[in-house]
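Step one of this worksheet: look at the structure below.
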Amino acid sequence: MRLPRVLIAAILVLLVIDVVTSEKLRKYKKFKHPRKSTTTTSTTTESESLTLEEEDEDDDGEKVQTFVDPCLKKHCSAGRICQSNDDGEAECVCIETCPEEVDPRRKVCTNQNTTWGSDCEVYRMRCWCDKGSDKCEDDSMKHLHIEYYGECREMPECLDEEMDDFPRRMRDWLFNIMRDMADRDELTPHYKALEREAENNQTRRWANAAIWKWCDLDGEPHDRRVSRHELFPIRAPLMALEHCIAPFLNNCDENDDHKITLKEWGKCLQVDPDEMEDRCEDVRGE
Ligand SMILES: [Ca+2]
Ligand SMILES: [Ca+2]
């Protein structure tokens with residue numbers, strides 16, 4: 001009789017341990033879950049929880065969880081800052097105050113041909129309109145972006161013959177920048193290989209330069225589409241030198257959805273579509 005009792009007691013103890021362990025595991029998984037989504041979707045869903053926990057061991061070797069600022073790994077686009085909400089979730093909210101700018105060089109000219117005090121004011125207005133705030137002056141400002149720095153000025157019209165020649169000049173320019181960056185060792189090994197291929201194979205020259213630049217422009221969100229905002233690094237500095245750049249880039253977005261796909265980019269640069277395959281270096285989320 002003694003032995004079965006011991007056995008039953010042992011089974012009961014095992015069952016209790018099992019229940020406790022699986023409960024702990026379930027809670028742990030609940031905490032773990034948000035971390036999974038931090039790298040790939042943090043910029044697409046702005047209110048998602050980014051509660052992170054770091055595990056340390058205390059003096060007794062027990063695992064303890066230390067909560068860290070949910071904003072640490074949160075990226076907010078221009079005009080927004082990260083704030084932790086009541087539930088401890090990271091959230092991007094519109095910047096409340098922009099620094100007062102006195103330097104006229106900080107002024108910017110937008111796609112609506114309006115001069116603003118600073119880039120911060122433009123991004124903040126776009127954020128208000130995106131979020132449906134009553135501070136939004138006009139719904140069209142959802143797509144407000146900076147064309148160039150300085151006050152708006154009269155731009156010479158881009159003539160048809162200038163526009164006809166523009167894709168060729170742009171391709172040339174892109175290839176030369178890529179080559180310069182390779183010479184200065186400023187490309188990653190992945191893009192250096194694309195550059196070498198472009199040097200050695202004439203037929204790949206324009207395609208590789210175009211692919212590299214498109215990948216380079218696709219910043220945040222890294223979604224294999226270049227938004228008008230992401231075009232800023234090439235549009236703003238070229239505006240003063242190339243009056244055709246703005247209409248050229250506008251034409252690139254063929255379906256007018258404010259995003260330029262690799263296909264659209266290749267088409268507007270007049271590169272053979274068969275050569276425009278996605279060869280971006282994927283370093284994020286891996
Ligand atoms: Ca993008
Ligand atoms: Ca498009």
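The values are calculated or read from the model by the stated rules, or taken from the named source; none is laboratory data. Quick caveat, the model's predicted, so the values are computed rather than measured. Backbone-built Cβ (ideal geometry, glycine too); neighbour counts: all protein chains shown.
Quick look at the values:
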quantity	calculated
Wholly within segment 189-286, helices (runs of 4 or more DSSP H) carrying at least 1 residues that are under 28 Å from CYS109 (Cα atoms) and more than 13 Å from ligand 2 (Cβ to nearest atom)	205-217, 232-239, 245-252
LYS267 of a type outside the set (Phe, Trp, Tyr), away from ligand 1 (no atom under 16 Å from the Cβ) and over 30 Å from MET155 (Cα atoms)	no
The listed residue being of a type in the set (Asp, Glu), more than 22 Å from the chain's Cα centre (by Cα) and loosely packed, with under 15 Cβ neighbours inside 10 Å, out of GLU186, GLU101, GLU154	GLU154
Yes/no for LEU159 being crowded, with 16+ Cβ neighbours inside 10 Å and either among the aliphatic types (A, V, I, L, M) or in the same structural domain as LYS213 (by TED's automatic domain parsing) (or both)	no
Residue satisfying all of: in segment 217-241; free of Cβ contacts under 8 Å to residues at least 40 places away in the same chain and within 11 Å of ligand 1 (Cβ to nearest atom); nearest to PHE175 (Cα to Cα) among these	LEU217
Matching entry among ASP257, ASP274 (being exposed (fewer than 15 other Cβ atoms within 10 Å of the Cβ), away from ligand 1 (no atom under 16 Å from the Cβ) and among the acidic types (Asp, Glu))	ASP274
